[in-house]
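Worksheet for the structure shown next.
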Amino acid sequence: MRKTLQYSKPLILIISAAIIMNACRPRTADNYGDSGTAAGELAGFLFYVGTYTGSESRGIYKSLLGEDGSLRLSGLATQTENPSFLALSPCGDFLLAVNENSPAGTVESFRIKDDSLVLVSRQSSGGEHPCYVSINEAGYVLTANYSSGNVGLLKMNKGGRLGELLDIQQHTGKGSGDRQEGPHAHSVYFEPGTSMVISSDLGTNEIWFSVLDTVQGRLLPANQQNLMMEPGAGPRHMAFHPNGSYIYVINELNSTVTLVKKNKSGEYEKGLSFTTLPAGYEGPNYCADIHIAADGRFVYASNRGHNSIAIFKVEPETGILTPSGHCSSSGEWPRNFVLSPDENFLLVANQNSDNIVSFKRDINSGLCEPVDTISIPDPVFILFGKKL
């Protein structure tokens, strides 16, 4: 969900430039135009950038991460309104985007064709301000609708066309803190390897569990329906450990990561929470995104306010996190970020300073160093496509 709290862009751009002036070579859409020719100059990984389109942005942009961590902006892939969260189909031929609008949020499907995204279909997301979308191997699609506090279920066919809404799961209740006066669904996931659907609700301060019924095309309540977080935490996004037993929940409002463990009966229990901020920091902060390395050794979390990526080492036997340090986001308001497919790099979308920064990742220590930057207006999500 878009936040209104902002800092001075001129100040942060000066700071950002000083941090990365030797490592990063800024480029903008104006440098490369919309032709997409720059993408062919390097071998590497294609990625798409979701944005907010209230100011200068026009939709979803396409870029390239080189094998050396360099960034190239190809240009505008498609014009669409507020595509704040993206997902790739299992076959890699289609891209999904939510349009974070109100009162009627939508989700779109696009065919990936050369340097462009070609619209295939558009359907209701089931609520207001959709801010998350997921798809599974069977083509079922989930949307998290922030303002209406619900989850929508759709299905995409093999041709990339979305069907009409199959079901809506409405969250109820409220938390005890700011922005917790009612439900605000913020993310929704297919649990790896099961029929379970797990969503986080910042407003009710809970993790919600349901089961996907593919016969009826519905979301049914699971035996365990809810798991309450610490008062005022505000769960936002989640990362699933590859061992299938741990979930790490990033809490936007109290700047923590909570370990959630699956017990012997298959239900989840809340474990310890770990601050994402360094000792002594007292400024405002709102966590945004969380990811875990494929080997399960490191967890990364973004801080908006402290403007950093918090790095944790995972104790494999217990799931407990040990702080390993912080990496400056080299920009302002790091919204979402992503590990590259080979996990040698980490890319950060700094929403308020209009830049994306690539970082070289040390696979042994988990630490990151800035490599390059490009300018894209209001970037809020990064999605990798197929390798070139």
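The values are calculated or read from the model by the stated rules, or taken from the named source; none is laboratory data. All values derive from a computational prediction rather than experimental measurement. Please note: Cβ atoms are built from the backbone with ideal geometry, for glycine as well, and neighbour counts cover all protein chains shown. Heads up: the accessible areas ignore ligands, DNA and RNA and are worked out on the full protein's heavy atoms, side chains in. Shrake-Rupley method; radii C 1.70, N 1.55, O 1.52, S 1.80 Å.
Below, the figures for the structure above:
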read-out	value
Scope the stretch 172-186; condition among the polar types (S, T, N, Q) and open to solvent by less than 70 Å² (accessible area, probe 1.4 Å); matching residues	180
Among residues of the stretch 376-388, those that are over 15 Å from residue 45 (Cα atoms) and either open to solvent by 40 Å² or more (accessible area, probe 1.4 Å) or hydrophobic (A, V, I, L, M, F, W, C) (or both), counted	3
Selection within the stretch 240-260 - surrounded by 20 or more Cβ atoms within 10 Å (Cβ to Cβ) and outside any loop (DSSP other than H, G, I, E, B)	246, 247, 248, 249, 250, 251, 256, 257, 258, 259, 260
Members of the stretch 258-288 found to be of a type in the set (A, V, I, L, M) and either free of Cβ contacts under 8 Å to residues at least 12 places away in the same chain or farther than 27 Å from residue 85 by Cα (or both), listed by number	272, 279
Selected residue (only one of 344, 336, 364 is in contact (Cβ under 8 Å) with a residue 12 or more places away in the chain and either touching a Cys at 6+ places or on another chain (Cβ under 7 Å) or open to solvent by 40 Å² or more (accessible area, probe 1.4 Å) (or both))	344
Unmet requirement for residue 104, which otherwise passes all of (1) surrounded by 23 or more Cβ atoms within 10 Å (Cβ to Cβ); (2) of a type outside the set (Asp, Glu); (3) more than 29 Å from residue 361 (Cβ to Cβ); (4) modelled with pLDDT under 95	(1)
Residues of the stretch 129-146 satisfying the condition of being under 21 Å from the mean Cα position of the chain (by Cα) and either over 17 Å from residue 187 (Cα atoms) or part of a loop (DSSP other than H, G, I, E, B) (or both)	129, 136, 137, 139, 146
Condition met for residue 126 (touching a residue at least 12 places away in the same chain (Cβ under 8 Å), open to solvent by less than 50 Å² (accessible area, probe 1.4 Å), closer than 24 Å to residue 338 by Cα and part of a loop (DSSP other than H, G, I, E, B))	no
Enumeration of residues in the stretch 163-221 that are among the aromatic types (Phe, Trp, Tyr) and more than 18 Å from residue 287 (Cβ to Cβ)	190, 208, 209
Sole exception among (1) touching a helix residue (DSSP H, G or I) at 6+ places or on another chain (Cβ under 9 Å); (2) in a strand (DSSP E or B) for residue 332, by number	(2)
Residue that is nearest to residue 47 (Cα to Cα) [pool: residues in the stretch 67-90 that are without any contact (Cβ under 8 Å) to a residue 40 or more places away in the chain and either over 20 Å from the mean Cα position of the chain (by Cα) or open to solvent by 60 Å² or more (accessible area, probe 1.4 Å) (or both)]	67
Check on residue 51, among the hydroxyl-bearing types (Ser, Thr, Tyr) and open to solvent by 10 Å² or more (accessible area, probe 1.4 Å)	no
Matching residues in the stretch 261-299 - criterion: being in a strand (DSSP E or B), under 12 Å from residue 321 (Cα atoms) and open to solvent by less than 10 Å² (accessible area, probe 1.4 Å)	298, 299
Count - residues of the stretch 213-228 that are under 12 Å from residue 196 (Cβ atoms) and open to solvent by 80 Å² or more (accessible area, probe 1.4 Å)	3
Lone unmet requirement of (1) more than 25 Å from residue 285 (Cα to Cα); (2) outside any strand (DSSP E or B); (3) open to solvent by 60 Å² or more (accessible area, probe 1.4 Å); (4) in contact (Cβ under 8 Å) with a residue 40 or more places away in the chain for residue 231	(1)
Residue under evaluation residue 169, criteria (1) outside any loop (DSSP other than H, G, I, E, B); (2) open to solvent by 50 Å² or more (accessible area, probe 1.4 Å), criterion not met	(2)
Test: residue in the stretch 187-200 that is surrounded by fewer than 17 Cβ atoms within 10 Å (Cβ to Cβ) and of a type in the set (A, V, I, L, M)	no
